[in-house]
1. Report, by residue number, each residue of the stretch 256-289 that is in a helix (DSSP H, G or I) and touching a residue at least 24 places away in the same chain (Cβ under 8 Å).
2. Check whether at least one residue in the stretch 211-224 is buried (at least 17 other Cβ atoms within 10 Å of the Cβ) and assigned to a strand (DSSP E or B), and report yes or no.
3. Could you list, in sequence order, the residues of the stretch 85-124 that are in contact with a helix residue (DSSP H, G or I) (Cβ under 7 Å, 6 or more places away or on another chain) and within 14 Å of residue 52 (Cβ to Cβ)?
4. Hey, any hits in the stretch 156-166 for a residue that's part of a loop (DSSP other than H, G, I, E, B) and buried (at least 21 other Cβ atoms within 10 Å of the Cβ)?
5. Here is a list: 203, 183. Which entry is within 23 Å of the chain's Cα centre (by Cα), in a loop (DSSP other than H, G, I, E, B), closer than 23 Å to residue 301 by Cβ and in contact (Cβ under 8 Å) with a residue 24 or more places away in the chain?
6. What do you reckon, is residue 397 in contact with a strand residue (DSSP E or B) (Cβ under 7 Å, 6 or more places away or on another chain), farther than 25 Å from residue 204 by Cα and at pLDDT below 80?
7. Any idea how many residues of the stretch 6-34 are in contact with a strand residue (DSSP E or B) (Cβ under 7 Å, 6 or more places away or on another chain) and within 23 Å of residue 122 (Cα to Cα)?
8. For residue 350, work out the one condition from (1) exposed (fewer than 13 other Cβ atoms within 10 Å of the Cβ); (2) touching a residue at least 12 places away in the same chain (Cβ under 8 Å) it doesn't fulfil.
């Protein structure tokens, strides 16, 4: 890689430039020199070097200024700051501005070489990640949906067909399966793609606030309504509105929503003026809507309005051939974000990830991989880097009921592990707080009131 790696030395002292140049040139790097910031930036513009080694204190343009401009000219460049001992705090500040690291004068060749090789390896990983991303886009990705399994291939084919229509779509599936990603894909491949995509969760807001969020309100319509405010329907006009967790809507909101779908008009809260809109509605739920209808919790006529086309997303446990692809995608992404040189998983870790049932689905997998990357001490993620309280299932066939038992036990373990901190537990599970509340209630998990 030495022959391909270009390094520029920027220092106003010729003796330092020359000694550094001779040493790097002998190793085999392609080396350029500059005595000031202006000269350096011109070389960076012309030659696009991989690495810049820049003196912190120079007359005219300071090292930090060279760093900032170099990053603008050549975003992929990594900068090492050279500093005297007394300027180390300033050098650390330069790292906050984007420097990769710093070295002290007089420089130690061995330490400098280790640092340069570390940058080269970091840039190699970045390049591999970019190539992987392109390959995934070409073969196994559609609008950031990573897949390989036949189940997901069928979903994507349906998405591509539905996107070209104007039909309302209901996306069903467990929490964490990627319902909003699918909704965005539908929008981005529709004729409305140049208009707004607006998302709202129906479970996250009380009825009164949800009504105002959806339909807007007039000035003075309630305490605190100091100005007229547009709702999500008006904001999304001519675009797409994504309503998540529609199974949690109150009966009153369901009536309003049905009218909008039938008449394409509504009134703001506290108002009389009819507001006409042209919005494509895509909704999603993790609930059994037919059961909700049978119990009188959801209007049947609204359900059929929303469910013109149904896209059902399979849980991750039913598309396990996608797990290796997803794990390596997340590994590359989080390794770059956290500047860690992690390249793979141990066979034991892979086996663990494949056997686990993933009650939180892709969102939980993403959370687990991010945590593992952050905690990993080596360049390989081992079994010890994965959460210890995950439940591994054997290869025997489980009934749907036993899978629910596994999920209940897993949620209980995570709640205990997190000290019954719902926000922390939901993050570990890869689900929202609202979904966690619902699962605690559904599974009748005994709440530790001391921590609630």
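1. 256, 257, 258, 260, 261, 262, 289
2. Yes: the stretch 211-224 contains one or more residues that are buried (at least 17 other Cβ atoms within 10 Å of the Cβ) and assigned to a strand (DSSP E or B).
3. Across the stretch 85-124, the qualifying residues are 94, 97, 98, 99, 100, 101, 102, 103.
4. At the first step, the residues of the stretch 156-166 found to be part of a loop (DSSP other than H, G, I, E, B) are 164-166.
Among the residues that remain, those that are also buried (at least 21 other Cβ atoms within 10 Å of the Cβ) are: none.
Checked the stretch 156-166: no residue is part of a loop (DSSP other than H, G, I, E, B) and buried (at least 21 other Cβ atoms within 10 Å of the Cβ).
5. 203
6. When the stated conditions are applied, residue 397 does not pass them.
7. 13
8. Condition (1) is where residue 350 drops out.
The values are calculated or read from the model by the stated rules, or taken from the named source; none is laboratory data. Quick caveat, the model's predicted, so the values are computed rather than measured. Here Cβ is always computed from backbone atoms with ideal geometry, including for glycine, and neighbour counts include all displayed protein chains.
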